[in-house]
Amino acid sequence: MQILVTGGAGYIGSHTLIELYKAGHTAVVVDNLSNSNPESLRRVADIIGIPEIPFYRVDIRDREGLEKVFAKHKLDACIHFAGLKAVGESVEKPWEYYENNIGGTLVLVDVMRKHGCKNIIFSSSATVYGDPAEIPITESCPKGQCTNPYGWTKSMLEQMLMDIQKADPEWNVVLLRYFNPVGAHQSGRIGENPNGIPNNLMPYITQVAVGKRKELGVFGNDYPTPDGTGVRDFIHVCDLAAAHVAALKCFTNALTHSLNNTFIYNIGTGKGYSVLDMVKAFVRVNGVEVPYSIKPRRAGDIATCYCDPSKAEAEIGWKARYGIEDMVRDSWNWQRQNPEGY
Ligand code: NAD
Ligand code: UDP
């Protein structure tokens, strides 16, 4: 298939490009570079062994820009990563988040349908479960209250895409609910490249390890978890990338499923590790120090979040292959080789 990859220069998008080409697909990338560097695409092309990845610096809110891309390329499906993703920033700038993520997706989907491209894989998140009603979380767990506008954009976009699919059954909609992506391509040439102070745990750990930050703040050690720190379902970004390739099966096999061609999958490992488990594994595997101190809980955080990923295995034949050692090793390999990012 030829796939439109929105947000393809970003962290998960760049890793997914490699998996797509490995599986024999080709891609066209659209990204406005608001949170990425085109160097990622040059390195991806190098790793794949092709001269370049077709790339358009286009904002998904720019209808004309998207029209030109669709006029130029025959696109079979879209993997839609483009969006703003900083939880804290979304609380400060809700309008910008709703406008970019929701406004952008509405334009994208409209241009897609006008060009007869009605297959979409959407980057959703475990955040749509809110404080989950059951652990491990299955896809039948009810959606919950989000604690920030970023989360609501994911929850609302899921609903919008399902409604659009219901009204026009030619659409096939795949909602992948990612748990906590970490790690990097084993080459260490591409990885997560946050702007400013990292919000997420793993990039904070790697920046402490490389000497850019003094110590990690562990947000709370009084949660009802084995060691008191938050528990998450960390997943290697290469496993997550491979899930998108597996999900393309939903488009070719769609009619054998059901008339209601919306497919929802949890994409995690099914294992929960605590913040301190991650820190300790990082120190043990990489032989580096990560000083930390306990800080108050972070607003909006939940104690425990991990999934039951068995539906994805049963229906699209995907499951995670990498473990915690691989995650901490590859995160460090990327940071060590690229202390200043791209
Ligand atoms: P990222 O910021 O590295 O990648 C997103 C890309 O989208 C960036 O390259 C950015 O420049 C681009 N972009 C943003 N707005 C755009 C617009 N209007 N037009 C064109 N391009 C635009 O983030 P990521 O970690 O790779 O995340 C990819 C997707 O997965 C996002 O939708 C994110 O919300 C979702 N997700 C991420 C995580 C995570 O922890 N990383 C977890 C769950 C879901
Ligand atoms: N966390 C932390 N210190 C940090 C960043 C995160 O202790 O500097 C904790 C956070 O409280 C949560 C876990 O690490 O328990 C994962 O947080 P992250 O922001 O990476 O992902 P989230 O699950 O919130 O999407």
Going by accessible area, probe 1.4 Å, with all protein chains left in place, what is the ranking of Trp95, Trp152, Trp318, largest first?
Trp95, Trp152, Trp318
Which FRET efficiency value, to the nearest 0.05, is calculated for Glu52 and Asn221 with the Förster distance at 41 angstrom and r the Cβ-Cβ distance?
0.30
Approximate spin-label separation Glu96-Lys166, in nm, with each point projected 7 Å along Cα-to-Cβ
3.4 nm
Met112, Met160, reordered so the largest accessible area comes first (probe 1.4 Å)
Met160, Met112
Nearest 10 degrees is fine. How inclined is helix 63-72 to the longest principal axis of the chain, computing both from alpha carbons?
70 degrees
Within 15 Å, Cβ to Cβ, of Arg42, how many net charges do the neighbouring residues add up to if Lys/Arg are +1 and Asp/Glu are -1?
-1
For every other residue with a beta carbon closer than 14 angstrom to the beta carbon of Glu170, add +1 if it is Lys or Arg and -1 if Asp or Glu, then tell me the sum.
+2
Could you put Glu192, Glu67 in order of accessible surface area, largest first, with the 1.4 Å probe and the full protein assembly present?
Glu67, Glu192
Could you work out how far apart the two model spin labels at Lys143 and Val288 are, taking each label as a point 7 Å from the Cα in the direction of the beta carbon, and quote it in nm?
3.9 nm
Using a Gaussian network model of the chain whose springs link C-alpha atoms within less than 10 Å, name the residue from Gly188, Gly104, Gly49 with the highest mean-square fluctuation.
Gly49
Residue separation between Asp110 and Ser187 times 0.36 nm, minus their alpha-carbon distance, gives in nm 24.0 nm
Under the rule a/c < 1.5 gives rounded, and otherwise a/b versus b/c splits prolate from oblate, where does the stretch 46-90 land using the Cα gyration tensor?
oblate
Cut-off 18 Å (backbone N to label point 7 Å along Cα→Cβ of Asp62), residues of the stretch 68-93:
68-73, 81-84
Calculate for the chain the 222 nm mean residue ellipticity that helices alone would give, adding -39,500 (n - 2.57) per DSSP H run of length 4 or more and normalising by residue count, nearest 500 deg cm²/dmol.
-11000 deg cm²/dmol
GNM on the chain, C-alpha springs below 10 Å: top fluctuator among Ile164, Ile121, Ile18?
Ile164
For Lys280, counting only lysines whose alpha-carbon sits under 21 Å away and dropping same-chain residues fewer than eight positions off, the answer is Lys212, Lys214, Lys271, Lys295
Net charge contributed by nearby residues that have their C-beta within less than 11 Å of Ala242 (K/R +1, D/E -1):
+1
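The values are calculated or read from the model by the stated rules, or taken from the named source; none is laboratory data. Just so it is clear, the structure is predicted and the values come from calculations on it, not from any experiment. Every residue, glycine among them, receives a Cβ derived from its backbone with ideal geometry; neighbour counts consider all protein chains shown. For accessibility, only protein heavy atoms count, side chains too; no ligands or nucleic acids. Shrake-Rupley method; radii C 1.70, N 1.55, O 1.52, S 1.80 Å.
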